[in-house]
Each structure stands twice: as C-alpha cells, then as structure tokens.
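The values are calculated or read from the model by the stated rules, or taken from the named source; none is laboratory data. Quick caveat, the model's predicted, so the values are computed rather than measured. In this analysis, Cβ positions are derived from the backbone assuming ideal geometry, glycine residues included, and neighbour counts consider all displayed protein chains.
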Amino acid sequence: MENYKKIIEDIYLEVKNVDDIGKVANYIPELAFVDSNNFGINITTINNESFGIGDSETKFSIQSVTKILSLTLAYKLEGEKLWERVDVEPSGNPFNSLLQLEADLGKPRNPFINAGAIVVCDVLISHLKNPKEDFLNFCREISDNTTLNYNEKIAQSEKSSGFRNIALCNFIKSFGNIKNNVDEVLDFYFHICSLEMTCKELSQMFLYLAEDNFITKKGTKIISESQTKRINAIMLTCGFYDESGEFAFRVGLPGKSGVGGGIIAIHPDKYCISVWSPKLNKKGNSYKGMLFLEKFTTKTTSSIF
C-alpha cells in the first residue's frame, strides 16, 4: 500500500492543478449544483488496506456506476438467460442512442448503455417483490454498509428531465423487450442511478469483482468466478460508452464511469480504485478521472495487459 499511497499523492497533486476542460452534466438539473472542483480518489486492496485523498469521503450520485450492481443482481437471478434480452457488444454510439435499437430490434447492445440498463431494471422488477428496497439491501449487503441510500432529489430531477430515457423505454417496449409497466421500470431506473456513495465506499463496494473468493459479512458469495470474469470483460469493452476503447488503451483496466463524475476501475486479484471529479469530457466521462487513472496505471505498471 505504501507504494500506491505515494504514487496516488503525487498524481493527485499533479492532476489537481491541471486546467479542467470538462463540463458538469447539467442536463440533470440537480447535478448542476454539485461543486465542480471536487476531486477525490480512494484505493482499496484485496487485503482490505484502504487509502484516500482529496474529497474521497464526500457523497455523490454514482449514476451509471450503479449499472454494474444492477447487472450483478440480474445475472445472479437470471443466469445465462439474461443475454437473450441484452447483448454484450460495445455500442460505438452515445449512451442514450435510439438509432442502434431500431437496427437491433429492441435488444440493447450491452447492459451499460442506458437502453441495456433499462432492460436490466425490467428483469429485476420481474424477480423482486419490492425492487427499490430489495436492490438497496443487496448493495448494502455487498458493501457491509447500512447507510447507503438513494438521493430522492436527484431521482426526481432525472424523472422530470429524462425524456430520452422515457423514449428509450417505450421504444424497447414496442419490440416486446420490456415486460413490466414502463413507468415502474423508469422509476426504478432513475432511483438506482441516484444512489449516493463516497469514493471510499465505492472502492470497497466493488472488491467482489477483484477478489476471487469474495464473501459478504453474512457469509454469502455474490456471484460465481465465471460470472465475475464476464462482468469484468463487459466493463473493459463497454464501461465508458463510445470511449471504452480509449479507456482500455490508456488505462488498461475494467472500469465504469457515471455522469456524476465518478469512475471505478478494477485490477483483478489486486485492488479497486475509485476517482471522482464532476466535470465530464465530450463523451460523458470524468476528464480528470480518466487522466488520473491513465497516469496511475502507467506509474504502477498495473494494467491487466
């Protein structure tokens, strides 16, 4: 950890002063109020050593990073049948594109673009008695953190401005790939995206994807090693929308970003690292977050390649 700690401190100071050319995701009105100068990093190793710097203990809306958690639960409940409803291919299009869905007859390219995550939410609603509550309990169990919660303000803000997601959900429904009530699916989707966590909580939450024999405090195994491998693979190829190739090329780790400015990256068998900086580049990924992780894997020579 000492080695990581020094490198993180050095890169943090270097990147903190870089001119941030990104912009906050103000198309979700509530996100526009977040201080754009926030910048935090936290790393947790599989030995449970943890180190954070900057705003690493400030809560923020994790947005699309939550799609890893919804995918994990759906995969756990549905098994391989899940892939009949959603594909595992990179999209090469913006995360909220309608065009591809038309060509693919309502089957989203992958579970990390909005259309795919909406289908995953539909799958979960079919399995869970109280979807919002049950999903939250699942997240609390993985992280051993009972304080995790949705940000109701952000969920409502997304609901009132999420016209593209509403269109996506209805469009997929027209192909028969949404089985439940559209309003219920969207309400669930907006809520899971509003989940709030700190960098520290995030880097601890995703240890189950870094550690082969991860067991929760209750003694349950989340998913099988084979499923873990597959989720990491989808993160590497699809975790950053139409910039996933760039992230794999520059950083070389499975990861996932969210428009709240958070990024999680996983080095299997070693560590889980999270970065938060709210200003996004043109593709919707944190500008300083991407820069930090590129420098980090370069200095630690710890890409998976």
- Message: Condition (residue is at pLDDT 95 or above and in contact with a Cys (Cβ under 7 Å, 6 or more places away or on another chain)) applied to the range 9-27: is it met by at least one residue?
- Response: no
- Query: Which of the following residues is buried (at least 21 other Cβ atoms within 10 Å of the Cβ), farther than 20 Å from Pro111 by Cβ, out of contact with any Pro (no Cβ under 9 Å at 6 or more places or on another chain) and touching a residue at least 12 places away in the same chain (Cβ under 8 Å): Glu152, Glu196, Glu201, Glu141?
  - Reply: Glu201
- Could you tell me whether Lys132 is touching a strand residue (DSSP E or B) at 6+ places or on another chain (Cβ under 9 Å), among the charged types (D, E, K, R) and either within 23 Å of Ile215 (Cβ to Cβ) or surrounded by fewer than 22 Cβ atoms within 10 Å (Cβ to Cβ) (or both)? yes
- Checking Ile125 against (1) over 27 Å from Ser161 (Cα atoms); (2) assigned to a helix (DSSP H, G or I); (3) touching a Pro at 6+ places or on another chain (Cβ under 9 Å), which single condition isn't satisfied? (1)
- Message: Which numbered condition in (1) buried (at least 20 other Cβ atoms within 10 Å of the Cβ); (2) under 15 Å from the mean Cα position of the chain (by Cα) is the only one that Leu293 fails?
- Response: (2)
- Residue by residue through the range 98-145, note down the ones that are more than 20 Å from Cys238 (Cα to Cα), within 19 Å of the chain's Cα centre (by Cα) and basic (Lys, Arg). Lys132, Arg140
- What is the number of the single condition among (1) in contact with a helix residue (DSSP H, G or I) (Cβ under 7 Å, 6 or more places away or on another chain); (2) outside any loop (DSSP other than H, G, I, E, B) that Glu57 does not meet? (2)
- If we keep just the residues of the range 247-263 that are of a type in the set (A, V, I, L, M) and part of a loop (DSSP other than H, G, I, E, B), which is surrounded by the most Cβ atoms within 10 Å (Cβ to Cβ)? Leu253
- Query: Of these, Asp212, Asp183, Asp187, which one is farther than 25 Å from Pro90 by Cβ, free of Cβ contacts under 8 Å to residues at least 60 places away in the same chain and in contact with a Ser or Thr (Cβ under 9 Å, 6 or more places away or on another chain)?
  - Reply: Asp212
- Pairs where the first residue, in the range 11-32, is free of Cβ contacts under 8 Å to residues at least 40 places away in the same chain and surrounded by fewer than 20 Cβ atoms within 10 Å (Cβ to Cβ) and the second is assigned to a loop (DSSP other than H, G, I, E, B) and polar (S, T, N, Q), C-beta under 9 Å, 6+ apart: Ala32/Asn26
